[in-house]
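Please treat every number below as a calculation from the coordinates, not as lab data. For clarity, every value in this text was computed on a predicted model and none was experimentally measured. Heads up, the Cβs are rebuilt from the backbone with ideal geometry, glycines too, and the neighbour counts pull from every protein chain shown.
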Amino acid sequence: MSLKDRAKSYGIQPDYEGIGSKIHEAPEATLEALLVAFGADHMPPLDEEPTLEAPKGARCFVPGEGRYWGIALQLYQLRSDRNWGIGDFADLAALIPVAAAAGANFVGLNPLHAMFMAAPQNCSPFSPSNRRFLNPLYIAMEDVPGFDPAMIAPDLLADLRAGDLVDYPGVAQTKLAVLRRIWGAGADLPEDFAVEGGEELYRHALFEALSARMVTEGHGAGWLSWPAEYHDVKARAVQDFSAAHQAEIGFHIWLQYLASRQLQALRELCADEGMRIGLYLDFAVGEAADGSGSWGSPLVLPNVRIGAPPDYFNEQGQDWGLAPLSPLAMAAEKAAPFRALITQATKQAGALRIDHAMGLWQLFLMPEGASAAEGTYARYPIADMLTALAEASQANGTTIIGEDLGNVPTGFREVMEACRILSYRIFFFERDEDGFIPPEDYPREALVCLSTHDLPTFRGWWRGDDVSLRHGFGFISDEAAADQAEARETERMDLLDDLTAARLLADPQFDPDDAPAVLTVAVHRHLARAPSRLMAVRLEDLAGELEPVNVPSTVDEYPNWRRKLGLDLADLLKSPLFTDITAAIAAERPKDPR
């Protein structure tokens, strides 16, 4: 059997179709390395290669027949005169009633997954330690039983609130110090919470306790940097640590209890305020290779990372640094690991966005030492994955949105539609040879938005700042940057023509150096006319922000996931721009009676 045929028998694609229908051949070294990682020397190949088709009966839950809208935000960005330097669940509780009164039926959040508490500077919510659990930094301290304001110096909080960037290490140190005092004073941890969380919750708490100890001893927070005797969860050294640190492990279980209880209270608040959908949560495509989710898990592929092939935005491709679950294990277990993950993720979500939804079918993988240009796709048991997703969606009444951006395989969107997974349509990308696709031509089964966390704000897009950033970081060539800047000029003119034709603008003359409020309001109302089930408006655009929250493929070159909003939340919710945009959307998408 040839190397290509052997690779394909394990679901590893010897070649793939990239952007522009160009066929890319995977290097032989990549195929050989992936076969090793897949365990092909001792694991049998797939019984049959998965096919891209919808399984019978796998249909996700969708809300009523209305056209609902909501506000999408990065929770950490919220400023207030009461939080501890990072937006938290109490800030969200202040926003929900105002959003509901404006006509919103949901609030969308960045992934709330558990991060590395011992390395809070690793703050990308899309590179979590564990997708089953929550990030304790979002706990609202005043709502923790046993908290006393005397436990914290007001000056310290003022300093944490003052910065324009979230000081994650400072926030973590301050919150954890007070939470430890409360825990040490005898905080209540219901036994049923720990029992329900089971082995997974205990292992995560054990990981966090051991991670903190390893960092104090000069190691990293992730288990791959620990001494070898701690790599195996069942090793004697780990068991000895567990026996000697029960109180610390209990502390981390308690943090999960607090976060889960506060998030559930927010879901109930959404319902009380008449929101049809409520919390719209985000589910990352993978986990960090050295996090608690992969620690001791035989399901994670060793020495392999998830990424994306070269495209319009990055000519070198992207390395996301995430560890994939084994396609072979997923096939052998009928996607049981994914079923457990997605069942947990939908419990508190009225809607759930699946980041990089194509991962239900295939993921772009790179073996250790290979670049994104040298990666290739591997197939997953999509029928089992979709069945698990649909069953969790129906059981918990959760609407599923699939982020179908980038290199979308032919036929994938048809499978999504058959399973009632809503497509994710971004206005900036919806173009054909005639210009922007009219909102009335958008699909019904979709969530629409102007932009998302990996893209510029509306003001930034209008100015072309995203093109300048990509060029400045070397992701695109001089020629590509010039082409994209020229294309943006055309896009601006097309947008003005469309808004004028829609009678949303009286004067289509605007300065390319910035987008005035009247233009921002008009484009939101324009998109709100789409027949699509859902529409999300970014809080950054409601606040008139300019800078992006994230520039993909950067790490330390740009302050990703750290920028706070320029306005305090209370002021933002009373601002003319917030009022005008939400009123414009509500006029096109009125809130239906319960």
Point to revise | Cα convex hull of region 170-270 - mean projected area over all directions, nm² | key: 7.8 nm²
Exercise for review: At q = 0.10, 0.12, 0.16 Å⁻¹, work out log10 I(q)/I(0) for region 40-182 with the Debye formula, treating every Cα as an identical point scatterer and leaving solvent out; two decimals please.
Suggested key: -0.51, -0.66, -0.93
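Length gain on complete extension for the stretch residue 9 to residue 101, per 0.36 nm per residue less the alpha carbon to alpha carbon distance? Present the calculation step by step, with values, prior to reporting the outcome.
On the way: separation 92, 0.36 × 92 = 33.12 nm, distance 5.52 nm.
Taking 0.36 nm per residue and subtracting the Cα distance, the gain is 27.6 nm.
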**Study point:** More than 15 Å apart - percent of Cα-Cα pairs taken over region 404-447
**Key:** 47 percent
Review point. When the Kirkwood hydrodynamic radius is evaluated over all pairs of different C-alpha atoms of region 1-44, what value in angstrom, to one decimal, is obtained?
Key: 10.9 Å
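As a check on your grasp of the helix formula, calculate [θ] at 222 nm for the chain: sum -39500 (n - 2.57) over DSSP H runs of n ≥ 4, divide by the residue count, round to the nearest 500. Mind dumping the intermediate values first?
Values: 19 runs with 230 residues, N = 594.
One gets -12000 deg cm²/dmol as the mean residue ellipticity at 222 nm.
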Review point. How would you order 568-576, 417-425 from highest to lowest mean count of nearby Cβ atoms within 10 Å?
Key: 417-425, 568-576
**Study point:** Inter-site label distance for residue 336 and residue 311 at 7 Å from Cα along Cβ, in nm
**Key:** 3.4 nm
Point to revise | Convex hull of Cα atoms in region 324-417, direction-averaged projection (nm²) | key: 6.4 nm²
Check your understanding: Using a ≥ b ≥ c from the Cα gyration tensor of region 39-82 (square roots of the eigenvalues), is it rounded, prolate or oblate, where a/c under 1.5 gives rounded and otherwise the larger of a/b and b/c decides, a/b for prolate?
Key -> oblate
Exercise for review: Please sort by residue number the GluC sites (Glu not before Pro) in region 492-568 whose DSSP state is loop and whose Cβ has at most 14 other Cβ atoms within 10 Å.
Suggested key: 557
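Compute the FRET efficiency between residue 156 and residue 52 as 1/(1 + (r/R0)^6), taking r as their Cβ-Cβ distance and R0 = 56 Å, and round to the nearest 0.05.
Efficiency computed from Cβ-Cβ geometry: 0.55.
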Practice item. Express the C-alpha Rg of region 257-405 as a ratio against the empirical globular expectation 2.2 N^0.38 Å, rounded to two decimals. Key: 1.14
Practice item. Quick one: work out the % antiparallel among DSSP beta bridges in region 239-367, nearest 5. Key: 70 percent
Practice item. Report the one residue of 118, 99, 532 whose Cα lies farthest in the direction of the positive end of the charge dipole of the chain (charges on C-beta: Lys and Arg +1, Asp and Glu -1; origin at the Cα centre). Key: 99
Exercise for review: Take the alpha-carbon centre of region 526-547, take the same for region 108-179, and report the distance between them in whole Å.
Suggested key: 28 Å
Practice item. Compute the whole-percent fraction of alpha carbon pairs in region 359-482 spaced more than 25 Å apart. Key: 43 percent
**Study point:** 17 Å Cα-Cα reach of residue 8 towards aspartates and glutamates, excluding residues that sit fewer than 8 places from it in its own chain
**Key:** 17, 25, 28, 32, 41, 47, 48, 49, 374
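Expected output is a single nm value to one decimal: the length gained when fully extending between residue 2 and residue 265, i.e. 0.36 nm times separation in residues minus the C-alpha distance. What is it? The partial results should precede the final answer.
Numbers: separation 263, 0.36 × 263 = 94.68 nm, distance 5.70 nm.
Net length gain for the segment: 89.0 nm.
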Exercise for review: In vacuum, with every alpha carbon of the chain counted as one equal point scatterer, what does the Debye formula give for log10 I(q)/I(0) at q = 0.05, 0.12, 0.13 Å⁻¹? Two decimals, please.
Suggested key: -0.21, -1.33, -1.56
**Study point:** Under 24 Å from the Cα of residue 574 - lysines, other chains or at least 8 residues apart
**Key:** 564, 591
Study note, to complete from the structure: Output for region 140-229 (equivalent-ellipsoid semi-axes, sqrt of 5λ from the C-alpha gyration tensor, Å, descending) is 27, 22, 11
